[in-house]
Amino acid sequence: MTSFNDLGLSQPLLNALTAGKYTQPTPIQAQAIPPVLAGRDLLGIAQTGTGKTAAFALPILQRLVDTRHRPAPKTCRALILSPTRELAAQIADKFRTYGREMGLSITTVFGGVGMHPQIQTLGRGVDILVATPGRLIDHMDRRTLSLANVETVVLDEADQMLDLGFVHAIRKISAALPKQRQSLFFSATMPASIGQLAAGFLREPIRVEVTPAATTVERIDQSVIFVEADRKRALLAEIMLDPAMERTLVFTRTKHGADRVARHLENSKVPAAAIHGNKSQSQRERALADFKAGRIRVLVATDIAARGIDVTGVSHVVNFELPNVPESYVHRIGRTARAGKDGAAISFCAQDERGLLRDIERVTRQRIATSDRRSDEALAAASAVANQNDRQDSREQPRSHGHRNEGQRQGQRPNGSRNGGGHRSEGQRHEGPRHEAQDGQRQDRPQQAHKPGGRPFHKKKPGGHNGGGRGFGGGQNRSQARAG
Ligand code: AMP
């Protein structure tokens, strides 16, 4: 089996890997590091959680040290483009960790924070710049940064870049890069649009593909709870009574939904915070830091905000609402079971989300087991407490009529036997951008696993049911939630 010693990495990097308890390279690291060290372009098909950051960061650090020279003012030697601020900050942190013995300068440039300190830092010249596209272009336009000296460029999470509408920004950035350069391109999926972008960006690339979706999903204990939309918050508060849910990432479809869920949890005495595009950078950072440090047990996030978030030890992912696009389900649940750990994913499915559930089961080629975890009595008790607190919460929005009865309804079974039609669902309310970003146009499908370990279930024949389409109209919306 390949070890880090076989990859041609220098001693300072090996020391950092040992200190970080990385004993063995992940498949993408084993395959990507040698050619990238040799200066080749790379097309990496891999998602977050596969170790792709180290796959590009380690050889970039080494190459910069091997050809060390002082970067000219207002230039950088390596440029890493990230779709979101959180991911940019995390990539920079990894560069700092891996390169801690190397004395290279590393900085981030993204929106939501002041321009001036960035201008000053860039003015001195930096070795490694991690940036979101919008803010990078601001600096290019102001001539506070030139890309003329970039030796290596990384485009990370290219599919997400396109989802976020960064395609023109990427083209503009590409045009400003020198022709002689090394280019690395990473995407979790490879539809035709991404293939075209990659073709224009790369020269004779090595192609490395890992299929984490299958391996990751296999290790995740997945279950679904059928519940009416307006009972979901109470249900969440109830399942959070389980101390095993140590560090839980909850996904909602909208930003407002994320806020409402976080408030409800707080009212139910479950420390929680929401993270999404309407939060300030400092709020996002604080929420993430609190979550990582265990000061809050629940982080409620939209898909975009959660993308790229790397928190080890996420014990559970809860899909408060099912995503419109089945691939997002795989991305979401991949937040748990990271770096070789196991995890659990619980999906709440309302009546009008059953088509989405069928789509997910079809794409992942597996039947998601129905959960047996909740009792209606406990749910009713938790609902009553939370309801009481909700009413006292002056911050809460005027609520729907349906909520009045939350916790009072009886006999709603979690196993899908009740018929829950007629209630207005969170996913149906139009209170802001309905989706932060969903891509209904992806053409590829992640290769999928079969049964996650754990509960038994009846396997469906792939394609045996077609799901009746996407419940909310296919999610063609592009995001308004730009990062940079
Ligand atoms: P990434 O896909 O780059 O976001 O990495 C996912 C997680 O795996 C991060 O927490 C990394 O620190 C961790 N990781 C990356 N490479 C390794 C490795 N070779 N051994 C153990 N953990 C790793």
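The values are calculated or read from the model by the stated rules, or taken from the named source; none is laboratory data. Nothing here was measured: the structure is a model prediction, and the numbers come from that model. So basically every Cβ, Gly included, is an ideal-geometry build from the backbone, and we count neighbours across all protein chains shown. Note: areas computed on protein heavy atoms with side chains; ligands, DNA, RNA excluded. Shrake-Rupley method; radii C 1.70, N 1.55, O 1.52, S 1.80 Å.
Go through 74/94; 232/292; 21/52; 94/292; 232/279 and tell me which ones have a Cα-Cα distance over 20 Å in this structure. Display every interim value, and only then the final one.
Numbers: 74/94 23 Å; 232/292 25 Å; 21/52 17 Å; 94/292 16 Å; 232/279 23 Å.
Those over the limit are 74/94; 232/292; 232/279.
For the range 214-266, what is the accessible area per residue in Å², given a 1.4 Å probe and the full set of protein chains? Before the final figure, lay out each step's value.
On the way: 1280 Å² over 53 residues.
Counting only protein heavy atoms, the per-residue value for the range 214-266 is 24 Å².
Between residue 203 and residue 241, what is 0.36 nm times their sequence separation minus the Cα-Cα distance? Round to one decimal in nm. Present the calculation step by step, with values, prior to reporting the outcome.
Numbers: separation 38, 0.36 × 38 = 13.68 nm, distance 5.35 nm.
In short, 8.3 nm is gained.
Which of the trypsin sites (Lys or Arg not before Pro) found in the range 148-230 are in a DSSP loop and have at most 13 neighbouring Cβ atoms, other than their own, within 10 Å?
Passing both the DSSP loop test and the Cβ count: 179, 203.
Checking a compactness column here: for the range 4-209, what do you get for Rg(Cα) / (2.2 N^0.38 Å), N being the number of residues? Numbers along the way, then the final one.
Details: Rg = 15.7 Å, N = 206, 2.2 N^0.38 = 16.7 Å.
Dividing the Cα Rg of the range 4-209 by 2.2 N^0.38 Å gives 0.94.
If you count the DSSP beta bridges with both ends in the range 4-209, what percent of them are antiparallel, to the nearest 5? Present the calculation step by step, with values, prior to reporting the outcome.
Details: 0 of 26 bridges.
Bridges in the range 4-209 are about 0 percent antiparallel.
Under a 5 Å amide H to amide H cut-off, with H placed in plane at 1.01 Å, what residues pair with residue 347 once short-range neighbours are removed?
It is 223, 224, 225, 319, by chain and number.
Amide H to amide H, which residues 5 or more places from residue 153 or on other chains are under 5 Å from it, using H placed in the peptide plane?
Long-range HN contacts for residue 153: 79, 182, 183, 184.
What accessible area, in Å² to the nearest ten, does a 1.4 Å probe give for residue 193?
60
Which whole-angstrom value gives the distance between the alpha carbon centres of the range 78-138 and the range 235-268?
Rounded to whole Å, the Cα centres lie 32 Å apart.
Rolling a 1.4 angstrom probe over the protein heavy atoms, how many square angstrom per residue are accessible across the range 4-209?
Details: 7890 Å² over 206 residues.
Heavy-atom accessible area per residue stands at 38 Å².
Dipole of the range 1-123, Cα-centred, from +1 at each Lys and Arg C-beta and -1 at each Asp and Glu C-beta, to the nearest 20 debye?
Working: 12 positive and 6 negative charges, 53 e Å.
I would put it at about 260 debye.
Tell me, what is the 1.4 Å probe accessible area of residue 255, in Å² to the nearest 10?
Result for residue 255: roughly 20 Å² accessible.
Could you sort 151, 238, 209 by their accessible area in this structure, using a 1.4 Å probe and putting the largest first?
Working: 151 60, 238 15, 209 95 Å².
I get 209, 151, 238, largest accessible area first.
Out of the total accessible area of the range 4-209 (probe 1.4 Å, heavy atoms of protein only), what percent is carbon and sulfur? Could the numbers behind the result be given before it?
Details: 3980 of 7890 Å².
Ligands and nucleic acids excluded, carbon and sulfur give 50 percent.
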